[in-house]
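Working notes for the structure below.
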Amino acid sequence: MPEHDEHAHDEQAHAHEHANQQAHPHPAYPVGLRLAGRRVVVVGGGQVAQRRLPALIAAGADIVLVSPSAKPSVEAMAAAGEIRWERRRYEEGDLADAWYVLVASSDEDANRTASAEAERHRVWCVRSDDAEAATAWTPATGRSAGLTVAVLTGRDPRRSAAVRDAIVEGLRDGTLAAPHRRSRTPGVALVGGGPGDPDLITVRGRRLLAEADVVIADRLGPRDLLDELPPHVEVIDAAKIPYGRAMAQEAINDALIEHAKAGKAVVRLKGGDPFVFGRGMEEAHALAAAGIPCTVVPGISSSISVPGAVGIPVTHRGVAHEFTVVSGHVAPDDDRSLVDWAALARLRGTLVLLMAVDKIGAIAQALVEHGRAPGTPVALVQEGTTAAQRRVDATLATVAEVVRSEEIRPPAVIVIGDVVALGDGTSASPSAGPSPSRGRTGTE
């Protein structure tokens, strides 16, 4: 049978809940149900079931859906084996051995029958159509990092949702601190901070920062996030760790291990993603060798986000079906280079170069020598996604001179390919401010 509109269900439930509070002033008793392996029956396969089933599945419940029809997403859960689906109307006896029932059908007779059976067998019953007839209410629920937030305000379910959202958002972005007290294990989190805009760090990365005792930060990480840390957090600038450039990574590894062994929660805050030219795996290996627990939190890579921030898609239908990310810190004629520049020149897609500002002249020359057209568009995006973001356009033939004349400095992402012509230079970054100047095109 077709389901009633979800919002109509909610409005009716809210009205009944209000009336119930007036007649029965006692508040609901909050409790967390442990449903793993226990039988749960859901009556009705419409929008209410679509919303509630994922949480029941996550709880490990043994779920039986009783409904003649179901929404496609609910049917997919049954096809995947996450729930068992009885394709029929509710029948007396369906609640045998059940611990919990969700009545969410548009069949009023089936709803009443299921609710009455639940009452007789003392099974907690949620009614989406009639909150007053229910023996349990579903709170506004949210989850963050192992915490479950459930809010009941009785007469104002919309307020419940608003309070829930505010708490979960605060937990996720670190503005509401809820540090572990009993179960926290000292260790290191390698956190990708994203391309520079502090809003582009992942939710998990921001939460781990809020729980850190020590933060070892790269100069290319989102520096604004460091200002939000509590005063007791020790911040170590990785760029200033002593012993010289040749020993810098070893010194960073030693600092991570030292602080973790002291029982502290350590965050290694890196720009972009830890495993995209970030030497994150070297740090992970060093921690593993020292027996230090390590968590890797991926970050938004500048190779995709920075071009996007200035309106350049790295792929586009009919223009580029591929994109290749290349480190340009070693020149093409250097014996240490691991890049097959001849092969890259033959590709028709987009090239994205990181750490390549001072080698771009040699790189452009190599690409042209191996067959890439001299007029291929090039965009240089300096300080992408930050307030200092700047885009300058050129071609392979002119890019070396444009870098000099426009005084392009690292950090900058260089995009090579026809997709450059698609971008209009409008910034898509939330903190980059007004549309940056595109500078000289370098095509004259």
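The values are calculated or read from the model by the stated rules, or taken from the named source; none is laboratory data. A quick note: this is a predicted structure, and the numbers were derived from the prediction, not measured. Cβ: placed from backbone, ideal geometry, glycine included. Neighbour counts: every protein chain shown. For accessibility, only protein heavy atoms count, side chains too; no ligands or nucleic acids. Shrake-Rupley method; radii C 1.70, N 1.55, O 1.52, S 1.80 Å.
Its Cα gyration tensor gives the range 46-144 an equivalent ellipsoid, and the semi-axes of that ellipsoid, as √(5λ) in whole Å with the largest first, are 20, 17, 13. Accessible surface for Met355 stands near 90 Å², nearest 10, in the context of the full protein assembly shown (1.4 Å probe). Each residue, Leu338 and Ala421, gets one label point 7 Å from its Cα in the Cβ direction; the gap between the two is 3.5 nm. Each of the peptides 325-331, 191-197 was scored by the mean count of other Cβ atoms within 10 Å over its residues; in descending order, highest first, they stand as 191-197, 325-331.
Averaged per residue, what accessible area in Å² does the range 208-321 show with a 1.4 Å probe, protein chains only? Before the final figure, lay out each step's value.
Values: 5770 Å² over 114 residues.
On a per-residue basis, 51 Å².
Share of the range 215-356's accessible area from carbon and sulfur, percent, 1.4 Å? Accessible surface attributable to carbon and sulfur in the range 215-356 totals 54 percent. Per residue, the accessible area of the range 69-178 comes to 55 Å² when a 1.4 Å probe rolls over the protein heavy atoms.
State the dimensionless ratio Rg/Rh of the range 56-114 (Rg: radius of gyration of Cα atoms; Rh: Kirkwood radius). Display every interim value, and only then the final one.
Numbers: Rg = 11.4 Å, Rh = 12.2 Å.
Value, to two decimals: 0.94.
Rg of the Cα atoms in the range 191-328, relative to 2.2 N^0.38 Å, amounts to 1.13.
Which log10 I(q)/I(0) values, to two decimals, does the range 253-315 give at q = 0.12, 0.13, 0.14, 0.15 Å⁻¹ under the Debye formula with one point per Cα? Reported log10 I(q)/I(0), two decimals: -0.39, -0.44, -0.49, -0.54.
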